[in-house]
Amino acid sequence: MALFKALDNQEEENNPKQVDSEVEKVKCLIVGSGPAGFTAAIYAARANLNPVMYEGMEPGGQLTTTNDVENYPGYPEGITGPAMMEDFKKQAQRFGTDVRFGMATTADLSERPFKVTIDGKKLIEAESLIIATGATAKYLGIESEEKFKGQGVSACATCDGFFYKGKDVAVVGGGDTAAEEATYLAGLCDKVYLIIRKDHMRASKVMQDRVFKTKNIEILYEHTTKEIVGDMSGVTGVILTNGKGEEVKIDVHGFFLAIGHTPNSDIFKEYLDTDEVGYIKTEADSTITKVPGVFACGDVMDPHYRQAVTAAGTGCRAAMDAERFLGS
């Protein structure tokens, strides 16, 4: 066995892995999956654009980390996020989408056909490009946060708030998003703790006023999260550290992160306009970007709604915009 390993290693040294030299040409390339990417694929395939999709680092997108989805039309009994994305994928494949595992690592959008490298080795030349790479929610980075993700830890109050109706929850963050999430949850939950690490809120004056006027929101200034605690049923509480260095425990069933999202747009920023955070800018009421033939949909271009149903809508638009561009 050791001999075979040695021979294999020697062979690898003598024949190092080379970057794929073959270039694949496609009419419509979709980078990223999730509701936006798969919806774009369904429409593009039905329009005979022969779409090729690379699913990205997280096939199915953020929704695959959500246990239950109850606010997407067409699923009256609800459905898990992974099962829902599998349905989307099957529908896209049914109409002929070539769905592949892989991540776009570099892009050259300086001219058509656009050049996109997959996993650092395979080069795709595309007549049109639909970017559906989504955005990644920011987390605190503590071990217990990962442990209870989907079991009490969430980065979307609109998605998961209903499951905590009549219960106590906590929201982390001090900006507009945190204020909005806290006031939304206050309409569902008995009590909302708003955990802010500074001695003030960063939110706009109007959002601060909404929080201050909501009686069942308690603001915990100068508090940081040390640990999320729970059991087999999920989150049961949070251990905080206050400004004096003392530990404080609050009993909650839900822990919501509202400290922002990072759009997955880095490899395209050289060629496309983005806002200060990195969300790709598109023309009003469309998915058309600065570069003709390149379209953006879903959370990578939507800093406001970030819902599955709104992402799917922009995916539809992107495919229709691509069809019109290629047919013009």
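Observations, loosely collected:
- Every test in (1) touching a residue at least 60 places away in the same chain (Cβ under 8 Å); (2) under 30 Å from Leu129 (Cβ atoms); (3) in contact with a helix residue (DSSP H, G or I) (Cβ under 9 Å, 6 or more places away or on another chain) is passed by Ile288 save one, and that test is (1).
- Unique match (being modelled with pLDDT under 95 and more than 30 Å from Ile195 (Cβ to Cβ)) among Ser286, Ser233, Ser328: Ser328
- Scanning the range 216-230 for residues that are without any contact (Cβ under 8 Å) to a residue 40 or more places away in the chain and part of a strand (DSSP E or B) gives Ile217, Glu218, Ile219, Leu220, Thr224.
- Checked against the criteria, Ile131 counts as over 27 Å from Gly254 (Cα atoms), under 19 Å from the mean Cα position of the chain (by Cα) and touching a residue at least 12 places away in the same chain (Cβ under 8 Å).
- Ala47 of a type in the set (Gly, Ala, Ser) and either farther than 17 Å from Cys297 by Cβ or buried (at least 23 other Cβ atoms within 10 Å of the Cβ) (or both): no
- For the range 137-188, the tally of residues that are within 21 Å of the chain's Cα centre (by Cα) and basic (Lys, Arg) stands at 3.
- Residue in the range 104-122 that is among the polar types (S, T, N, Q), touching a strand residue (DSSP E or B) at 6+ places or on another chain (Cβ under 6 Å) and buried (at least 23 other Cβ atoms within 10 Å of the Cβ) present: no
- The set of residues from the range 119-131 being over 23 Å from Ile288 (Cα atoms) and of a type in the set (A, V, I, L, M) comprises just one member, Leu123.
- So Phe148, is it among the aromatic types (Phe, Trp, Tyr), surrounded by fewer than 23 Cβ atoms within 10 Å (Cβ to Cβ) and not assigned by TED's automatic domain parsing to the domain that holds Leu272: yes
- Residue within the range 211-219 that is touching a His at 6+ places or on another chain (Cβ under 8 Å), surrounded by 14 or more Cβ atoms within 10 Å (Cβ to Cβ) and at pLDDT 95 or above present: no
- Residue under evaluation Tyr193, criteria (1) of a type in the set (Phe, Trp, Tyr); (2) in contact with an Asp or Glu (Cβ under 6 Å, 6 or more places away or on another chain); (3) assigned by TED's automatic domain parsing to the domain that holds Lys290, criterion not met: (3)
- One residue stands out among those in the range 69-102 that are surrounded by 15 or more Cβ atoms within 10 Å (Cβ to Cβ) and acidic (Asp, Glu): the one that is modelled with the lowest pLDDT, which is Glu86.
- Flag not set for Val252, criterion: in a loop (DSSP other than H, G, I, E, B) and under 29 Å from Asp108 (Cα atoms).
- Taking (1) closer than 18 Å to Thr224 by Cβ; (2) surrounded by fewer than 17 Cβ atoms within 10 Å (Cβ to Cβ) in turn, Val169 satisfies each apart from (2).
- The range 277-328, residues that are of a type in the set (A, V, I, L, M, F, W, C), surrounded by fewer than 24 Cβ atoms within 10 Å (Cβ to Cβ) and part of a helix (DSSP H, G or I): Val309, Ala312, Cys316, Met320, Phe325, Leu326
The values are calculated or read from the model by the stated rules, or taken from the named source; none is laboratory data. Note that the structure is a prediction, hence the values are computed from the model and not measured. As a convention, Cβ positions derive from the backbone with ideal geometry for all residues, glycine included, and neighbour counts pool all protein chains shown.
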